[in-house]
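Below is one structure; the comments refer to it alone.
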Amino acid sequence: MKRPLGYLVVGLAATLTLTACSGGADEPAGEDGALSATGPITIWYSNNEQEVAWGEQVVAAWNTENPDEKVTAEEIPAGKSSEEVIGAAIAAGNAPCLIYNTAPAAVADFQAQGGLVDLAQFEDGASYIETRSGDSATQFTSSDGGYYQLPWKANPVVVFYNKAVFAEAGLDPENPELATFDDFISTSKAIVDSGAADYGIYPAPSSEFYQSWFDFYPIFAAESQGNQLIEDGEATFMNEAGLATMEFWQTMYTEKLAGQEPYTGDSFTDGVAAMAIAGPWAVASYEGKVDWGTVPVPTSEGTSPEDTYTFDDAKNIGMYTACENQGTAWEFLKYSTSEEQDGLFLEMTGQIPLRADVATAYAEFFDANPAFASWAAQAQHTVAVPNTLNSTEIWQTFRDAWSSAIIFGTGDPTETMQAAADEINSLATD
Amino acid sequence: MLLSAPYALFLVAVFVYPLGLGAWIAFHKYSFAAPNAQVDRPFVGFDNFARVLQDPDVIASFKHVGIFLVINVPLTIALALLLATALNSAIKGVTFFRVAYYVPYVTASVATVTVWLFMFSENGVVNSLLGDLAPDPSWLTNSTWAMPMIALYVTWKQLGFFILLYLAALQNVSKELYEAAKTDGANWWQSFRAVTWPGVLPATSLVAMLAIITGANLFTEPYLLTNGGGPNGASTTPVLLIYQQAIQQNHPDRASAIGIFLVIGVLLLAWISRRMTEED
């Protein structure tokens, strides 16, 4: 019997011709009127329980005051990461007006996709952002000088430790010795040797591009006194601070003080690890499960808490070009990031609004919650992910090299990381 | 012609058009963009193909899937045929065994993967039994063992379906042939070689082809079992890379080039397998 290969080839050729004729017929956006258009809008917010509660109340309050410009709020659809979901929505042309979960790492790519509105186009756009967030707003400007995101909230990453585990290991739970790399390693050893926990710390050892934000990046930020992964188009991590950070984590893995196997669950709340690197958002999930304390991330020499830099783990708000009523979206954006709503956000979620006046505007809250006061202070010493094109690919390149050289100790770590730095340099200028 | 038109249209819509579009994308510098965005998508010839061929991760992913197929396909054929032959004979509790083999196939991968994660984790039941003989790092985080473990998992998970195919084929093997073989003094093995194997050869061809096609398109299992192709990329597959390049990194052009290589590879393997197992 003859195989229908010939038919397949003919079919493919015909389809190729058809698709070639239909491809690439893009038209420029005609959205001048959209900036001032008003009417109903849709927003997405995170599916974090506390953020949902905050989102529901702000939408209800707005809708009561603005019945003609109704806001419909939905949780961001499920996906492996918000970035994938948002990227797909941009391409499909069905992104909502505002997304309260836009990762700064993805902004340059979303911008290149034509998916984001430059907020500086609004008359009071740039001034509103710069007045609200102060100097830290500059980290979020795009290469063309525009604001394709409103800096919204930070979760300055710190080390959480389990006081009960520390006590069981014979360590002082109120004054843990975790300031320097050596301290951190010897404390971890004491915990593991005592059997109080299986590991000192257990950052996810998996290969997702964003995992380096919770092992390498905060410590590199602290050790380098505020370096981003890329500065002026060049990878920065092959400097003294980067190498010291690598050596620290390498020791943690080779001495089996950090786990190499992905953990199904939360190793910190399960008591498998004595410490975790996380931001204030994690407090709600630790409530009632762990008696926790926090310290800044360690450095080689030890840095005073008020001078310790860390990763900001910020999430911002993006306005998407699929939005027809951008005038309403901008007004709602300002309403939801007003001093009053930021205060409610802080109280309801424990996350720090990216406001220049955060410490003074909510002094009462910080007096009542001293741990949050230290995080608010640290929010002034945070490092964001670089606002660059190919960000996901750059972080994936870094993660692959990190996984190979540091977590699994394959090959020469300096060579592997240098190769990653070279590739990142090329991606940053691609 | 008229009666087959709906299916032909369906085939064009869900298979020919996407495949053609994928091939078109592979020959252009293409990225996903908002519908009204002005994006330049120039023709780049074979650039995307050359780029993916120079990418060591892509080459490694094809090697990984090769390892998978070398373990999975023969093991699937051997075990499915063996168990189907056993189930085809009059043994006690045949219904129980049929259900037992079929249950993993109809159970959601997420559920069965979780069981395997617990079984083969560092402190899992398998390592507890093996003691000092357990590999370090443990099975699914060990770069040597990760891909064979995925192959074993998939073999176990899909075995029920292939057993059913063989059972159906065995029902069609004439009993007279077995009786004739017995009369000629053939033992079990001789009877299997002379009667059973030729009798189920068309089914073997189908099993091999299905196992190759599903195996080459491996995604869910490394995505869940080894956390997206870990450890350290030791269980990445071409489809995982397609997902990573197209969805995570917005390079559908390179992803399409990988896809084209995969389609060609699968067609080639399926053709070889058919040549090896089909009757003259």
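Descriptive notes on the structure:
- In Å², nearest 10: area of B:MET209 left accessible to a 1.4 Å probe: 50 Å²
- Rounded tilt (10° steps) of B:146-171 against the dominant C-alpha axis of chain B: 50 degrees
- Dipole-positive endmost among A:ILE394, B:LEU140, A:ALA190 within the protein assembly as shown (Cβ charges, Cα centre): B:LEU140
- Most mobile listed residue (A:LYS289, A:LYS163, A:LYS70) in chain A, GNM with C-alpha springs under 10 Å: A:LYS289
- Gyration tensor analysis over the Cα atoms of chain A returns equivalent ellipsoid semi-axes of 38, 31, 20 Å (largest first, whole Å).
- Minimum 10 Å² accessible area buried by the other protein chains, region B:23-53 residues, probe 1.4 Å, relative to alone: B:ALA23, B:TRP24, B:PHE32, B:ALA33, B:ALA34, B:PRO35, B:ASN36, B:ALA37, B:GLN38, B:VAL39, B:ARG41, B:ARG51
- Those aspartates and glutamates that a straight Cα-Cα span of less than 13 Å connects to A:LYS189, excepting residues fewer than 8 apart in one chain: A:GLU177, A:ASP198, A:GLU255
- Cβ-placed point charges (K, R +1; D, E -1), dipole of chain B about Cα centre in debye, nearest 20: 340 debye
- Region A:34-95 and region B:202-256: distance between their alpha carbon centers, rounded to Å: 34 Å
- GNM top mover of A:ASP182, A:ASP367, A:ASP118 - chain A, alpha-carbon springs below 10 Å: A:ASP367
- Per-atom-type breakdown for region A:66-176 gives carbon and sulfur 46% of the accessible area (1.4 Å probe, protein chains only).
- Taking 27 Å as the limit for the C-alpha separation, the pairs A:LYS163/A:LYS256; A:LYS256/B:LYS157; A:LYS70/A:LYS153; A:LYS256/B:LYS63; A:LYS80/A:LYS315; B:LYS63/B:LYS157 exceed it in the case of A:LYS256/B:LYS157; A:LYS256/B:LYS63.
- Computed helical MRE - 222 nm, the protein assembly as shown, DSSP H runs ≥ 4 contributing -39500 (n - 2.57), nearest 500: -15500 deg cm²/dmol
- Dipole-positive endmost among B:TRP156, B:GLN38, B:THR183 within chain B (Cβ charges, Cα centre): B:THR183
- 1.4 Å probe, heavy atoms, protein only - residues of region A:377-405 losing at least 50 Å² accessible area vs chain alone: A:GLU393, A:GLN396
- Aspartates and glutamates with Cα under 14 Å of B:LYS29, excluding same-chain neighbours fewer than 8 positions away: A:ASP430, B:ASP40, B:ASP47, B:ASP253
- Threshold 20 Å², region B:136-156 residues less accessible with all protein chains present than alone (1.4 Å probe): B:ASP136, B:PRO137, B:THR141
- Chain A: most fluctuating residue of A:ALA371, A:ALA273, A:ALA106 per GNM, C-alpha cutoff 10 Å: A:ALA371
- Taken about its Cα centre, the protein assembly as shown carries a charge dipole of roughly 4600 debye when the Cβ of each Lys and Arg holds +1 and the Cβ of each Asp and Glu holds -1.
- Peptide B:250-262 - average C-beta neighbours from other chains (10 Å radius): 1
- Selected from A:SER304, A:PRO218, A:ILE317, residue furthest toward positive end of dipole (chain A; charges at beta carbon): A:ILE317
- Neighbour-limited loop hits for GluC sites (Glu not before Pro), region A:135-241 (at most 11 other Cβ within 10 Å; DSSP other than H, G, I, E, B): A:GLU174
- For chain B, the longest principal axis of the alpha carbon atoms and the long axis of helix B:17-26 meet at an angle near 50°.
- Of the GluC sites (Glu not before Pro) found in region A:295-382, those in coil by DSSP whose Cβ has at most 12 other Cβ atoms within 10 Å are A:GLU301.
- Loop chymotrypsin sites (Phe, Trp or Tyr not before Pro), region B:17-70, which have at most 14 other Cβ atoms in a 10 Å radius of their Cβ (DSSP): B:PHE46
- In a reduced charge model with +1 at each Lys and Arg Cβ and -1 at each Asp and Glu Cβ, region A:122-252 shows a dipole moment near 360 debye about its Cα centre.
- Across every pair of non-identical alpha carbons in region A:333-407, the mean reciprocal distance, once inverted, gives a Kirkwood radius of 14.8 Å.
The values are calculated or read from the model by the stated rules, or taken from the named source; none is laboratory data. Everything numeric here is computed off the predicted structure, so don't read it as measured data. Note: ideal-geometry Cβ built from the backbone for every residue, glycine included; neighbour counts use all protein chains shown. These area figures cover heavy atoms from the full protein model, side chains too; ligands, DNA and RNA do not enter into them. Shrake-Rupley method; radii C 1.70, N 1.55, O 1.52, S 1.80 Å.
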